[in-house]
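What follows draws every value from the coordinates through simple rules; no lab data is involved. These figures come from a predicted structure and were not determined experimentally. Note that we place each Cβ from the backbone using ideal geometry, even for glycine, and neighbour counts take in every protein chain shown.
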Protein chains: 2
Amino acid sequence: MTAEPSPLTIAQLAELAGVSTATVSKVVNGRSEVSSETRAAVEELIRRHGYRRQRRRSTPTALVELVFHALEGDYPVEITKGVAEVAREHGLTVGISELRRDHSAVDAWMEGVLRRRPSGVIAVFSGLAEAQHERLAHHEIPLVLLDPADAPGKNIPSVGAGNWNGGLTATRHLLELGHRRIGIITGPDSALSSRARLDGYRTALDMAGVPVDPELIGRGDFLVEGGLAEAHRLLSRPGRPTAIFATNDGQAIGVYHAAHELGLRIPDDLSVIGFDDLPSVRWAIPPLTTIRQPLSQMAAAATSMMLTLAAGEPLPQSRIELATDLVVRGSTAPPGLPAS
Amino acid sequence: MTAEPSPLTIAQLAELAGVSTATVSKVVNGRSEVSSETRAAVEELIRRHGYRRQRRRSTPTALVELVFHALEGDYPVEITKGVAEVAREHGLTVGISELRRDHSAVDAWMEGVLRRRPSGVIAVFSGLAEAQHERLAHHEIPLVLLDPADAPGKNIPSVGAGNWNGGLTATRHLLELGHRRIGIITGPDSALSSRARLDGYRTALDMAGVPVDPELIGRGDFLVEGGLAEAHRLLSRPGRPTAIFATNDGQAIGVYHAAHELGLRIPDDLSVIGFDDLPSVRWAIPPLTTIRQPLSQMAAAATSMMLTLAAGEPLPQSRIELATDLVVRGSTAPPGLPAS
């Protein structure tokens, strides 16, 4: 009769598997830059022996650290609600930080995290360097990225939305209303979410047999100001679009302003569709038609993933995408008379 | 030569002053339900001997707990920014909770706070009972109320804005433009901030020799929906107002909708003034004239007060009010033709 096997530490697993502790740490932290054979070998050892998270130098604080680039508008509120809901169920509080592009703020935050030893980190922020990811992993503080600008390449667990599909759906909605001259205002080129929405727009036009006109593609910044400036440009030229896909709700509000300044009525003279469905756009005049991105649910999913990792369990998948939905309100309608 | 006196604990101060430890605790925690003689006696003892905060059972977490009734709209974002700025300077993180009117959430939060032992609590929430205030005081966790519905009666340190003055300024702005039929939509009667804004409105009218017409006073709820419903009522009756003081920005957006539905143009047919100056109302069409309430600075001031208390120092004053300002944008103008 053999004794019940006792769970192994990372060091013991590494020795048995003949790999480094860093590699075992990557497997148990849900990272994907590990060969599938090594991952399978380590996971098999964990199944057989169990895995014992090393005792931390101090007790972790019952805290989820939530990091934003900027605290502005409804977007961080929706995310915080989703994180707080799951955190509360687990008796954790939510710690919020705004880091912008400030390196000293990032460094100070990282020192604070290592001191506080939270249960884990949810980053809605792309300013953490690879070295900072490694530091968190080294201290066994799980990290999940939410709506990352550049996720899939980074091999950190992440949650996003179906951006390409949302771009396709938004553009199809305008096509189905009868629009053919459909403008788009993108976000920054560095944001994969913006690239995906633009690609969805192109594919919808292509499948409808409508040629993509580069003159109708405006380059925005995901801010109201960028939407306003680009909409002015698109709407002031001859053969202006009869509809604009603003690719986020902030830019859609910018389009409303440009239309107002140019004396164009929404939706009579111009249809506008956003992306996000922030609570405030229900109160735009007219209420905004948009693609709903379930930010609170995405945040809740990221928190659940983080808690799974914190419990020392493997993630079933390291990337989750939640579906987007079309929400039709008052800002889209069939095109009116042909534009001059 | 006498030895340097060593600082006294609350128990020692209580013995010397001949009062209870609860009373000394109230003095050092900035509470005001202590007679001025007792307060002076305790403060004199502290000046002479110094005051040594009792050793807590465990090290406090470098955390400010920030509690909201609801995470909705720009308001919690502005507050969080102000708290986070001061917290960061002191190496603290900010923990956020949304408690609504849910007693079990409040109880769970209180248990969590006692476990986490934060540096202090900032409550933007009126749902903590006197017993909960006492529990925090007993555990020497300082509490500061921010923009409380019912502050001055509660004897807890608090920060607010000049609501009466803001109401006066808003109404005077409309009077100076030439308006005489000026409607108001209040918040809930239980909110002192709403009462103060209404009183400022009454006084401005009175000083201008304009009689207060009870028919022009609408009872709102500080939500967009309430503003919409009350504006509909005020604007649909004969002798409608030519201007409405919405008393918060959310209700002002509701007034915009009512005006739009009734075919009234802002500011040509109706002037509208809000209160708060949330970032989003700059992007209303037309941009909203409003009374700016410096929410981030109020939050920063509350955090500084909390940190003063956490350091065991007395507060110079237990109530701070920051001034409000008139911000003139596009939603107010002289009245047009007399209403039918």
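Once Rh is set to the Kirkwood radius over Cα pairs, what Stokes-Einstein translational diffusion coefficient, in µm²/s, holds for chain B at a temperature of 20 °C and a viscosity of 1.002 mPa s? Show your work: numbers first, answer last.
On the way: Rh = 21.7 Å.
The calculation lands on 99 µm²/s.
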> Taking the Cα centre of each part, how many Å lie between segment B:183-254 and segment A:148-216?
Replying inline: 44 Å
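Taking the Cα centre of chain B as the origin, how large is its charge dipole in debye, to the nearest 20, when only Lys and Arg (+1) and Asp and Glu (-1) carry charge on their Cβ atoms? Before the final figure, lay out the partial values.
On the way: 34 positive and 39 negative charges, 95 e Å.
Computed charge dipole of chain B: roughly 460 debye.
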>> What does the C-alpha gyration tensor say about the overall shape of segment A:170-286? Classify as rounded when a/c is under 1.5, otherwise prolate if a/b is larger than b/c, or oblate.
In response: rounded
> If you plug each phi of segment B:189-196 into the Karplus form 6.51 cos²θ - 1.76 cosθ + 1.60 with θ = phi - 60°, what whole-Hz ³J(HN,Hα) values come out, in order, with x for Gly and Pro?
Replying inline: 4, 6, 8, 4, 4, 5, 4, 5
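Show me the trypsin sites (Lys or Arg not before Pro) within segment A:264-340 that DSSP assigns to loop and that have at most 13 other Cβ atoms within 10 Å of their Cβ.
Numbers: sites: A:Arg265, A:Arg282, A:Arg292, A:Arg319, A:Arg329; in loops: A:Arg265, A:Arg329.
Answer in residue order: A:Arg265.
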> If you build a Gaussian network model of chain B, linking Cα atoms that sit under 10 Å apart, which residue out of B:Leu235, B:Leu128, B:Leu198 swings the most?
Replying inline: B:Leu128
> Taking B:Lys26 as the anchor, which aspartates and glutamates have their alpha carbon closer than 17 Å to its alpha carbon, excluding any fewer than eight residues away along the same chain?
Replying inline: B:Glu15, B:Glu37, B:Glu43, B:Glu44, B:Glu130, B:Glu134, B:Glu140, B:Glu313
> Over segment A:194-259, what is the relative contact order in whole percent, taking alpha-carbon pairs under 8 Å and six or more residues apart?
Replying inline: 33 percent
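Over chain A, calculate the relative contact order: mean separation of alpha carbon pairs under 8 Å at least 6 apart, over the residue count, as a percent.
Numbers: 672 pairs, mean separation 63.9, N = 340.
The normalised contact order for chain A reaches 19 percent.
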> From the label point of B:Ala323, set 7 Å along Cα to the beta carbon, how far off in nm is each other copy's matching point, shortest first?
Replying inline: 5.6
> Using modelled backbone amide H atoms (1.01 Å from N, in-plane), which distant-in-sequence or interchain residues come within less than 5 Å of A:Tyr51's amide H?
Replying inline: A:Leu8
> In terms of the Cα gyration tensor, with a ≥ b ≥ c the square roots of its eigenvalues, is the protein assembly as shown rounded because a/c is under 1.5, prolate because a/b exceeds b/c, or oblate?
Replying inline: oblate
> For helix A:163-176, what angle does its Cα long axis make with the longest principal axis of chain A, in degrees from 0 to 90 and rounded to 10?
Replying inline: 20 degrees
> Taking only C-alpha pairs under 8 Å that are 6+ residues apart, what is the relative contact order of segment B:10-49 in percent?
Replying inline: 37 percent
> If the cut-off is a Cα-Cα distance under 13 Å, which aspartates and glutamates reach B:Lys81, setting aside same-chain residues fewer than 8 apart in sequence?
Replying inline: A:Glu72, A:Glu98, B:Glu89
>> Under 5 Å between amide hydrogens, which residues at least 5 positions from A:Leu143 or on another chain qualify, with H placed 1.01 Å from N in the peptide plane?
In response: A:Val121
>> Helix-only estimate, please: 222 nm mean residue ellipticity of chain A, summing -39500 (n - 2.57) across DSSP H runs of length 4 or more and dividing by its residues, to the nearest 500.
In response: -13000 deg cm²/dmol
> If amide H atoms are built 1.01 Å from N in the plane of the peptide, which residues on other chains or at least 5 residues away come under 5 Å of the amide H of A:Glu321?
Replying inline: A:Gly160
>> Between A:Gly263, A:Gly200, A:Gly220, where does the largest GNM mean-square fluctuation fall for chain A, given springs only between Cα atoms within less than 10 Å?
In response: A:Gly263
> Looking only at A:Ser97, A:Ser35, A:Ser126, which one moves most when chain A is put into a Gaussian network model with springs between Cα atoms under 10 Å?
Replying inline: A:Ser35
